[in-house]
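Q: Here it is: the structure, laid out below.
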Amino acid sequence: MAAVTITSVPTWVWIPIAVFLLGVTGVSAGLVVFGIRAFRELRSVGRSLTAALEELTRSSAELERRASALSERVEKLQAARARLRASLDKLEVLNWALGDARDLLARLRGVSGK
């Protein structure tokens, strides 16, 4: 069998090999560029998500603080409402007593003829 040397291969065979190698190199370069861009984009999205999560955490803490303050105000309001209810009950009794006193006074005036 005869040995094939580089010089014995026809030139027309080298052209498709060169085109193939150029294609593989171009595709490889394109994949590297695509990979780098995708990595940068993912890193950018990661930063945005991190910032959004930090803002959400901050907002959540603020909301929790406000909810706590609101529950304290609700307790104070309920206590004030209970005091108001007691005061209104006393006022009702006093109005009833005043009405009885007026009725008694009216009857006494009627009896005395004045």
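Q: Of (1) 0.95; (2) 1.03; (3) 1.91, which one was derived for Rg/Rh (Cα atoms, Kirkwood Rh) from the structure shown?
A: So the calculated entry is the one marked (3).
Q: Another one. What is the angle, in °, between the Cα long axis of helix 11-112 and the longest principal axis of the Cα atoms in the chain? Nearest 10 is fine, range 0 to 90.
A: Tilt of helix 11-112: around 0 degrees.
Q: Here is a further query. Is the stretch 49-114 rounded, prolate or oblate when judged by the Cα gyration tensor, a ≥ b ≥ c being the square roots of its eigenvalues, rounded requiring a/c under 1.5 and prolate requiring a/b larger than b/c? Before the final figure, lay out each step's value.
A: Values: a/c = 14.45, a/b = 7.57, b/c = 1.91.
Because a/c hits 1.5 or more and a/b exceeds b/c, the stretch 49-114 counts as prolate.
Q: Hey, another quick one. As a check on your grasp of the helix formula, calculate [θ] at 222 nm for the chain: sum -39500 (n - 2.57) over DSSP H runs of n ≥ 4, divide by the residue count, round to the nearest 500.
A: On the way: 1 runs with 102 residues, N = 114.
Result for the chain: -34500 deg cm²/dmol, rounded to the nearest 500.
Q: Ok, one more. So, with +1 on the Cβ of K and R and -1 on the Cβ of D and E, and no other charges, what is the size of the charge dipole of the stretch 19-109 about its Cα centre, to the nearest 20 debye?
A: Roughly 260 debye, rounded to the nearest 20.
Q: I've got another one for you. Could you point to the residue in Gly99, Leu22, Ser71 farthest towards the positive end of the stretch 19-109's charge dipole, with +1 and -1 charges on the Cβ of Lys/Arg and Asp/Glu respectively?
A: About the Cα centre, the residue reaching furthest to the positive side is Gly99.
Read-outs: derived from the displayed coordinates by stated rules, not from any lab. What you see is a predicted model, and the numbers here were worked out from it, not measured in a lab. As a convention, Cβ positions derive from the backbone with ideal geometry for all residues, glycine included, and neighbour counts pool all protein chains shown.
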